[in-house]
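The values are calculated or read from the model by the stated rules, or taken from the named source; none is laboratory data. Keep in mind that what you see is a predicted model, and the values were worked out from it rather than measured. Heads up, the Cβs are rebuilt from the backbone with ideal geometry, glycines too, and the neighbour counts pull from every protein chain shown.
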Amino acid sequence: MSNSVSSPTPAGDIWTVKRILDWTIPHLKSHGSESPRLDAEILLAHARACPRIQLYTNYDQPLTDSQRATMRDLVKRRAAAEPVAYLVGHREFFGLDFRVTKDVLIPRPDTETLVVDAIESLKLQAAPRVLDVGTGSGCIAISLAVNCPNAEVTAVDFSAAALDIAKVNAETHNVADRIRWLHGDLFDPFTVAEEFDLIASNPPYIATAEIETLSVDVRLHEPRLALDGGPDGLEVIRHLIAGAPQHLAAQGNLLIEISGEQADAVTQLLAANGHYDDIAVLKDLARQPRVVRAARKG
Ligand SMILES: C[S@@+](CC[C@H](N)C(=O)[O-])C[C@H]1O[C@@H](n2cnc3c(N)ncnc32)[C@H](O)[C@@H]1O
């Protein structure tokens, strides 16, 4: 590991935690990582099967051969832009740990804005019925089920593989018996009329052409179905806005995550639909428009 990750370690070298980090951080930086220290630490903690904090107290400890082999493989893959969350198989969201694979979008802190607002409105209701459209890893549905113990949650995704991961996450967080999983396109899985007090969605909202401008990590590794919002990025959002009134109770909220530039277009779509009022744009912690909320007219 002296010159490149794939080169053999010179005889007599002791690869301690500190030495591996000192080597890996600049290596990942030179391969485009924007958080090389964090990446290196998460990968090394994974290779050693220990909490990240333990690296600091074990700086001088040598790695076993098998830990070194694991780390070598992880660093090679990270240098080729594979996201850290896929390499270690999990990501924290809203204080909960979620299993992630290449079949699901990696949960983003931005999406916590939607979850916080949803919890605010759900906690005022006795037994709210919640629908998460495009659930992916299940991060929204599961965070709501965990934090709103009286909520009945339904989650839909077009990807059967994503639903399999979401179900595993629901088991992990002990809410599997409170979430119903439906496979299909947006509201299509509802064969009988059903109403919800809240519909939440983080839909695909990147314009197709813009996907090519995203970082290699996202562009090459995250599921296209989770990103691609059609020619103007609003295709799925249009269908959500059109279909949600048939599934929202009077005064029930629709919450849609958006990109910062979509706020005007999405509020106009909601206003033009005629079934919504109280349309509001919510900002994330970076003060960027991140969620549009609208209530079904009662
Ligand atoms: C941006 S990801 C969001 C995943 C997760 N909710 C999150 O916030 O991390 C969008 C999700 O919507 C799903 N999806 C895309 N188009 C869909 C459709 N027409 N019907 C249902 N789900 C869809 C994708 O498979 C993906 O899991």
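Within segment 92-105, residues that are under 20 Å from Pro204 (Cα atoms) have Cβ atoms under 8 Å from residues that are part of a strand (DSSP E or B) and within 13 Å of the ligand (Cβ to nearest atom) in these pairs: Phe98/Arg91; Phe98/Glu92; Val100/Arg91, counting only partners at least 6 apart in sequence or on another chain. Look at segment 153-171: where a residue is under 17 Å from Leu96 (Cα atoms) and a partner is of a type in the set (Val, Ile, Thr) and within 9 Å of the ligand (Cβ to nearest atom), sitting 6+ places away or on another chain with Cβ atoms under 6 Å, you get Ile165/Val104; Ala166/Thr135. Annotation: of all residues in segment 60-91 being free of Cβ contacts under 8 Å to residues at least 60 places away in the same chain, among the small types (Gly, Ala, Ser) and away from the ligand (no atom under 16 Å from the Cβ), the one that is surrounded by the fewest Cβ atoms within 10 Å (Cβ to Cβ) is Ser66.
When you check Asp278 against the structure, is it closer than 25 Å to Glu120 by Cα and loosely packed, with under 13 Cβ neighbours inside 10 Å, yes or no? In short, yes.
Within segment 259-268, identify whether any single residue is acidic (Asp, Glu), assigned by TED's automatic domain parsing to the domain that holds Phe187 and in contact with a strand residue (DSSP E or B) (Cβ under 6 Å, 6 or more places away or on another chain), and answer yes or no. Give the derivation first.
Let us first name the residues in segment 259-268 that are acidic (Asp, Glu), namely 261, 264.
Keeping just the survivors that are assigned by TED's automatic domain parsing to the domain that holds Phe187 gives 261, 264.
Checking the rest, the ones that are also in contact with a strand residue (DSSP E or B) (Cβ under 6 Å, 6 or more places away or on another chain) come to none.
No, because not a single residue in segment 259-268 is acidic (Asp, Glu), assigned by TED's automatic domain parsing to the domain that holds Phe187 and in contact with a strand residue (DSSP E or B) (Cβ under 6 Å, 6 or more places away or on another chain).
Confirm whether Leu96 is more than 13 Å from the ligand (Cβ to nearest atom), surrounded by fewer than 19 Cβ atoms within 10 Å (Cβ to Cβ), hydrophobic (A, V, I, L, M, F, W, C) and within 26 Å of Leu240 (Cβ to Cβ). So Leu96 does not fit the description; no. If only residues of segment 200-217 that are in contact (Cβ under 8 Å) with a residue 60 or more places away in the chain and either within 13 Å of the ligand (Cβ to nearest atom) or in the same structural domain as Ser35 (by TED's automatic domain parsing) (or both) are counted, the one that is nearest to the chain's Cα centre (by Cα) is Asn202. Within the option set Ala145, Ala200, being closer than 21 Å to Pro223 by Cβ and either of a type outside the set (Asp, Glu) or part of a loop (DSSP other than H, G, I, E, B) (or both) holds for one residue only, Ala200.
Since Ala155 meets every condition but one in (1) touching a Pro at 6+ places or on another chain (Cβ under 6 Å); (2) near the ligand (Cβ under 9 Å from one of its atoms), which condition does it not meet? Only one criterion in (1) touching a Pro at 6+ places or on another chain (Cβ under 6 Å); (2) near the ligand (Cβ under 9 Å from one of its atoms) is unmet by Ala155, namely (1).
For the condition of a type in the set (A, V, I, L, M) and within 16 Å of the ligand (Cβ to nearest atom), what is the one hit in Leu225, Leu220? Exactly one of Leu225, Leu220 is of a type in the set (A, V, I, L, M) and within 16 Å of the ligand (Cβ to nearest atom), namely Leu225. The residues listed here are Pro128, Pro149; of these, the one that is away from the ligand (no atom under 16 Å from the Cβ), crowded, with 21+ Cβ neighbours inside 10 Å and over 12 Å from the mean Cα position of the chain (by Cα) is Pro128.
All conditions but one from (1) within 13 Å of the ligand (Cβ to nearest atom); (2) of a type in the set (Lys, Arg); (3) under 25 Å from Phe190 (Cα atoms) apply to Lys167; the one that does not is (1). Looking across segment 167-199, just one residue is in contact with an Asp or Glu (Cβ under 8 Å, 6 or more places away or on another chain) and either farther than 28 Å from Arg296 by Cα or outside the structural domain of Leu254 (by TED's automatic domain parsing) (or both), and that is Thr172.
Can you find even one residue in segment 227-237 that is over 21 Å from Val281 (Cβ atoms) and in contact with a Leu (Cβ under 7 Å, 6 or more places away or on another chain)? No, segment 227-237 contains no residue that is over 21 Å from Val281 (Cβ atoms) and in contact with a Leu (Cβ under 7 Å, 6 or more places away or on another chain).
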